[in-house]
Amino acid sequence: MKHRHNWQTAWVTGASQGIGRALATALCEKGVTVYASARRHEALEELADALKRLPGALIPCPLDVTDQAAIEGYFEQWENDNRLPDLIILNAGTHDPFTAREFSAQRVETLLNINLCGTLRSLDPSLKHCLKRGRGQIAIMASVAGYRGLPTAAAYGASKAALINLAEALRLDLAGSGVDLRLISPGFVRTPLTDKNQFTMPALIEPEQAAQWILKGLTSSRFEISFPARFTTVLKLLRCLPYAWYFPLVQKLTT
């Protein structure tokens, strides 16, 4: 079942590059006012200038998702202006690939502080304000890397696996609340983060294509928006394999 979007305002984190930038652009093309957040203020200003002729508008909202007070401050501002976002896409994240020989608790904690805890900090006021109004759409950016363990992705995969479980649990809790929570699980998308990978990435797509699939999915009734379909379906099937089959297969495919 498809629905027309009724977003007037949207908040996109991690909007200065990659999927976040493509999403902010696509939303502006649809006439949506986009609060665009990222740590790099100058990149957001450049994007706002590049999109100024589109039907919508991009409003730079510089933000480090490790700063809870700053996140709360934006929500207070939006509420005072009666401009709370109708759509919230929690996309901010990073990637730090390393092998077991390079394992470092500090590196894992640094990544989790952004990917997992940064999403939690952003989700806190998002849920409160949406529940208060009895409406709103929230999308959590996970990854197919969260389905099962992959080489060099111990930290990244763990963060995304946690977000998948989080979204599933919240979806159940939010039933009947009027708040529409979604999970986004992309395959490989060409971004500065995936550029760090040292292996061949199958079914690699561009961020603009990813953005279109995401927005299409958000106007459907699907809980999980995963793409490209053929590739992600294979990875979903891999979740069912016993370890005796899974480990040799993945090692063969990635070496």
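Miscellaneous remarks
- For the range 5-37, the set of residues classified as of a type in the set (Ser, Thr, Tyr), closer than 21 Å to Arg190 by Cβ and not in a helix (DSSP H, G or I) consists of Thr13, Ser16, listed by residue number.
- Options Leu111, Leu150, Leu84; residue that is more than 14 Å from the chain's Cα centre (by Cα), within 27 Å of Lys236 (Cα to Cα), buried (at least 17 other Cβ atoms within 10 Å of the Cβ) and touching a residue at least 60 places away in the same chain (Cβ under 8 Å): Leu150
- Here the helices (runs of 4 or more DSSP H) wholly within the range 64-160 that include at least 2 residues being of a type outside the set (D, E, K, R) and over 26 Å from Ile214 (Cα atoms) are 68-80, 105-115.
- Filter pass, Ala153 being among the small types (Gly, Ala, Ser), over 19 Å from Ile19 (Cα atoms) and at pLDDT 95 or above: no
- Residues satisfying the stated conditions in the range 97-108, i.e. modelled with pLDDT of 95 or more and within 21 Å of the chain's Cα centre (by Cα): Arg107, Val108
- Checked against (1) under 25 Å from Thr66 (Cβ atoms); (2) modelled with pLDDT under 95; (3) of a type outside the set (Gly, Ala, Ser); (4) buried (at least 22 other Cβ atoms within 10 Å of the Cβ), Val144 passes all but condition (1).
- Selection from the range 214-255 of residues that are within 30 Å of Asn6 (Cα to Cα), at pLDDT 95 or above and in a helix (DSSP H, G or I): Ile214, Leu215, Lys216, Gly217, Leu218
The values are calculated or read from the model by the stated rules, or taken from the named source; none is laboratory data. No experiment lies behind these values; they were computed from the predicted model shown. When we count neighbours, we look across all protein chains shown, and the Cβ atoms used for this are built from the backbone with ideal geometry, even at glycine.
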